[in-house]
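Everything on this sheet refers to the single structure shown next.
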Amino acid sequence: MSIVLVLEVDKSLADGVIESGEQPANEDRVQQVHTAPSAPDVLNDPGPLTLCGLDTSRMLAEPWAPDRPGSRWYPPRWAGRICPICDANARAS
């Protein structure tokens, strides 16, 4: 399964202030970092739900991939904001 890193952002950013694919100007606005299976029709786009069951339509995709098998699914800068359910599900897959 290919996964995509998605950022759950402050509601004011999710309401059209940031377009898909853009990054928040202030990383403090990222509330939690999730992962989702990639969409079947477009590689590197998230599917409709995260691994914890949240809707990805209001989240920002982060273009990042582990550099080697067995690496964490997220970059170190997000280590303090990882969704524990997504983390457990990503490790189990």
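The values are calculated or read from the model by the stated rules, or taken from the named source; none is laboratory data. If you're wondering where the values come from, they're calculated on a predicted model, not measured in any experiment. Glycine also receives a Cβ, built like all others from the backbone with ideal geometry; neighbour counts cover every protein chain displayed.
Observations, loosely collected:
- The lone criterion from (1) at pLDDT 85 or above; (2) small (Gly, Ala, Ser); (3) exposed (fewer than 11 other Cβ atoms within 10 Å of the Cβ) left unmet by Ala88 is number (3).
- Tabulated pairs, region 48-76, first surrounded by fewer than 10 Cβ atoms within 10 Å (Cβ to Cβ), second assigned to a loop (DSSP other than H, G, I, E, B), C-beta under 9 angstrom, 6+ apart or interchain: Pro63/Gly21; Pro63/Asn44
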